[in-house]
1. Figure the gain on full extension for residue 25 and residue 68 (residue separation times 0.36 nm, minus the Cα-Cα span) and round it to one decimal in nm.
2. Can you tell me what percent of all Cα-Cα pairs in the range 167-255 are more than 16 Å apart?
3. For residue 164 and residue 192, compute 0.36 nm times the residue count separating them, minus their Cα-Cα distance, and round to one decimal in nm.
4. If each of residue 1 and residue 120 carries a label point 7 Å out from its Cα toward its Cβ, how far apart are those two points in nm?
5. Between the range 247-286 and the range 31-90, what is the separation of their alpha carbon centroids in Å?
6. If I take R0 = 22 Å and measure r between the Cβ atoms of residue 148 and residue 110 in this structure, what FRET efficiency does the formula 1/(1 + (r/R0)^6) give, to the nearest 0.05?
7. Any idea what the alpha-carbon Rg over 2.2 N^0.38 Å comes to for the range 97-228?
8. Radius of gyration and Dmax for the chain's Cα atoms, expressed in Å?
Ligand SMILES: [Zn+2]
């Protein structure tokens with residue numbers, strides 16, 4: 001990549017936008033349009049990360065690191081320069097594509113009765129919740145045509161994993177939830193694998209920017225658990241999309257003093273509870289208080305509410321949660 005191509009890439013990915021897409025929040029303004037915030041590169045407790053959006057540069061007074069968006073991507077994703085470039089190029093290409101896809105799927109949801117009935121049965125019943133989570137529906141067989149009409153190339157759709165090698169829509173009869181840089185699809189058909197992601201990372205904790213502000217956070221493993229808790233009025237909830245947290249999600253939970261309530265599935269084989277115990281130990285080692293929420297046997301937070309549990313009862317489970 002020559003100098004000009006590097007400059008173009010940096011111009012197309014403003015540092016501030018990239019930081020915010022990775023959950024960074026400006027905490028206080030400084031002179032000349034600069035901002036301070038918590039450093040996303042080390043365990044920061046008072047804002048020491050300075051961003052200059054005009055120069056597209058950052059500097060951290062805590063860990064002493066600084067540079068442009070490429071340098072940030074290198075440190076943040078812990079990759080070499082050439083890999084950071086590849087990640088940024090991919091991010092630049094995939095971002096508008098995922099945005100269009102999510103928008104298209106949201107329109108489809110309101111045109112089909114099957115996904116709406118399914119959502120209802122899983123406790124997702126209010127329009128406000130559907131809007132909040134930006135839930136959509138992938139009927140299959142129509143995304144490719146729509147996106148190519150908008151000017152996206154077939155190879156780009158294939159690379160993003162939205163279209164299969166032979167040219168069919170990858171998501172068919174799936175409820176779709178937009179994530180940071182990915183899309184989760186829940187199958188309505190028993191003949192297909194229930195959970196599906198696009199290739200690439202599942203991203204950070206779900207809706208972390210919202211949950212982060214609370215001193216007590218409830219962590220669940222599935223998006224339907226998240227939905228049920230949100231609907232019941234628990235807005236301090238976040239989701240790890242599985243019981244195994246990636247490094248980024250773990251770092252997020254540890255980014256400030258808080259108590260984490262682990263409300264994983266009480267499945268019969270005990271795997272959810274085992275994962276919760278392991279995570280609780282790791283969190284305690286980092287000085288984060290963790291409590292294990294004990295759900296009735298065979299329940300997850302979603303089924304707890306769908307089968308008649310209410311907010312007051314769940315609150316009692318939180319209060320009874322043991323370290
Ligand atoms: Zn730092």
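Derivation of every value follows stated rules applied to the coordinates shown; laboratory data play no part. Treat the numbers as computed from the prediction; the structure is a model and nothing was measured. So basically every Cβ, Gly included, is an ideal-geometry build from the backbone, and we count neighbours across all protein chains shown.
1. Once the chain is fully extended between residue 25 and residue 68, it gains 13.7 nm.
2. For the range 167-255, the share of Cα pairs beyond 16 Å comes to 56 percent.
3. 8.6 nm
4. Inter-label distance under the simple model: 5.0 nm.
5. 28 Å
6. Calculated transfer efficiency: 0.40.
7. Scaled against compact globular proteins, the figure is 1.07.
8. Considering the chain through its Cα atoms, Rg and Dmax are 20.9, 62 Å.
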